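Since the structure comes first, as C-alpha cells, the remarks are kept for the end.
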Amino acid sequence: MVLKKSKQVLDNKKISFFNCINNQIFIFFGLISLTCIFSDYFKGSNLTIPFIITTLVSSSITFVGIPYLKKIKIKQIIREEGPKNHFLKQGTPTMGGIFFVPIGIIISNILYFKKDDYKIILALSFLIIFFMFIGFIDDFLSLKKQLNTGLRSNQKIILQLFISSLFIIICALNNMIPNTIEINNKMIYIGNLIYPFGIFVLLAESNSTNLTDGLDGLLSGCSVLIFTGLAITILLENQIANESLAPLCIVMAGSCMGFLFLNQYPAKLFMGDSGSLAIGASLGGIALISNNLWSLLIMGGILAAESISVIIQVSIFKISKRLKGQGYKIFLMTPLHHHFELKGNNEIQIVRSFWFVTLLLVIINLIFSLSLNS
C-alpha cells in the first residue's frame with residue numbers, strides 16, 4: 001500500500017514536471033512572438049504573421065509525419081560510446097529535418113517571390129536544401145548500416161565543400177557577398193579572400209550545429225533564438241536586403257519553433273543530420289550575405305563552444321599520446337553538453353542553461369547593434 005502510494009506521488013511529480021516543460025515552450029514561443037510584434041511596431045517589419053504561420057505549419061506537418069517515420073522504421077541509432085542514459089532514446093524516430101526545413105524554404109519563397117532581391121532567397125534556398133540532402137544521405141546510410149555514422153567524415157566534407165563552393169560562385173556572380181567583414185561598425189577589407197573564407201564559414205557553421213544536436217531540444221531551441229536575433233540585427237542595420245533576409249530568418253525561426261514542440265524532452269522526434277546541417281548552412285549563408293558574421297559568432301557562442309570542445313579534446317589527446325604514449329582528455333566527453341551530462345547534470349537543466357546563455361548572447365549582440373546604429 002505504501003509502495004503504491006509512493007509510486008502515485010512520483011507519477012504526479014512527473015506529470016507536473018512535464019507540464020512545466022510544456023509551459024516553458026509556450027513561454028518561449030510567446031517571447032519570440034512579442035519580439036516580432038515590437039519589431040513590426042517600431043520597424044514596420046511584418047515578422048509576426050510569418051513566424052506564427054510557419055510555427056503552426058511546421059508543428060502540424062512534423063506531427064503528422066512522425067507515424068510515417070515509425071511505419072518505415074526510420075529510428076535513431078545510439079552510439080555505444082555515448083552516455084548510457086541515451087540508450088533509452090533508441091528507436092525514437094529521426095530525420096525530422098526533412099519535414100521542418102523545406103517548410104521554411106517553401107513559405108519564404110511564397111511570401112517573397114515578387115521582391116526585388118528574390119535572387120537572395122533563391123540562392124539561400126539552394127544552399128539550405130542541398131545541405132539538408134547531404135544530411136539525408138548521412139541519415140539514410142546510418143540507418144542502412146545500423147550504425148550511428150553514415151557518410152565517412154571525408155565524404156561529408158567533400159559534399160559540403162562542393163555545395164558551399166557552388167553557393168559562393170552564385171553569390172559572386174550576382175554580387176551578393178560584400179568583400180568586407182564588419183566588426184563593431186568597422187569594415188575590414190579582405191577582397192577576394194571573402195570567397196574561401198565564406199566556404200570555411202559554411203563548413204564550420206554546419207558542422208558546429210551538427211555537433212550541438214545531441215540533447216532533446218538543444219539545437220532547435222538555440223536556433224530559434226539565433227535566427228530571431230539575426231532578423232532583428234538585420235533590421236536594426238536598415239540593410240537594403242532586409243525585406244527578404246529578415247523575414248527569411250524569422251521563417252526559419254518559426255520552422256525550428258514548430259519542430260521544438262515535438263523535439264523537447266522527452267523528444268518524440270529527432271532532426272537528424274538532415275536538419276542540423278541545413279540549420280548551420282542557413283545561419284552561415286545569411287550571415288555572409290548580410291555581413292553579420294561577427295554577430296553570428298557572438299549569438300552562436302554555444303555552437304562555437306560545442307565545436308571548439310571537440311577540437312581541443314582531439315588535439316590534446318593526440319598530442320599527449322604522441323609525446324607521452326598515453327592520451328589525456330580535458331573533458332569527460334565531447335561535444336561539451338556530454339561533459340556536463342557525465343558530471344551528473346540533468347539533461348533538461350543542461351538544455352535550459354544553454355538556451356539561457358544563447359538568449360543572453362543574443363541580447364548582448366542586439367544591445368551592441370542598437371548602440372552602433374542609433
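The values are calculated or read from the model by the stated rules, or taken from the named source; none is laboratory data. Values in this document were obtained by computation on a predicted structure and should not be read as measured data. FYI the Cβ positions are ideal-geometry reconstructions off the backbone, even for glycines, and counts take in every protein chain you see.
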key: Complete set of residues in segment 28-45 that are of a type in the set (S, T, N, Q) and under 23 Å from residue 220 (Cα atoms)   = 33, 35, 39
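A quick yes/no check of all residues on (1) free of Cβ contacts under 8 Å to residues at least 12 places away in the same chain; (2) among the acidic types (Asp, Glu); (3) in a helix (DSSP H, G or I):
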| site | (1), (2), (3) |
| --- | --- |
| 113 | yes, no, no |
| 121 | no, no, yes |
| 127 | no, no, yes |
| 137 | no, no, yes |
| 154 | yes, no, yes |
| 176 | no, no, no |
| 206 | no, no, yes |
| 215 | no, no, no |
| 223 | no, no, yes |
note = Of 94, 55, the only residue that is in contact with a Lys or Arg (Cβ under 9 Å, 6 or more places away or on another chain), modelled with pLDDT of 85 or more and hydroxyl-bearing (Ser, Thr, Tyr) is 94
remark   = Of the conditions (1) on the phi > 0 side of the Ramachandran plot; (2) out of contact with any strand residue (DSSP E or B) (no Cβ under 6 Å at 6 or more places or on another chain); (3) among the small types (Gly, Ala, Ser), the single one that residue 91 does not satisfy is (2)
Criterion (touching a helix residue (DSSP H, G or I) at 6+ places or on another chain (Cβ under 7 Å), exposed (fewer than 13 other Cβ atoms within 10 Å of the Cβ) and at pLDDT below 90) met by exactly one of 179, 185 = 185
query = Does segment 134-144 contain at least one residue that is within 15 Å of residue 288 (Cβ to Cβ) and modelled with pLDDT of 90 or more?
reply = no
note = Here the residues within segment 241-297 that are buried (at least 24 other Cβ atoms within 10 Å of the Cβ), within 15 Å of the chain's Cα centre (by Cα) and more than 29 Å from residue 23 (Cα to Cα) are 281, 284, 285, 286, 287
Among (1) closer than 28 Å to residue 370 by Cβ; (2) free of Cβ contacts under 8 Å to residues at least 24 places away in the same chain - the single one residue 185 does not satisfy = (2)
request  = Collect the residues in segment 226-238 that are in a helix (DSSP H, G or I) and out of contact with any Ser or Thr (no Cβ under 9 Å at 6 or more places or on another chain), keeping them in residue-number order.
outcome  = none
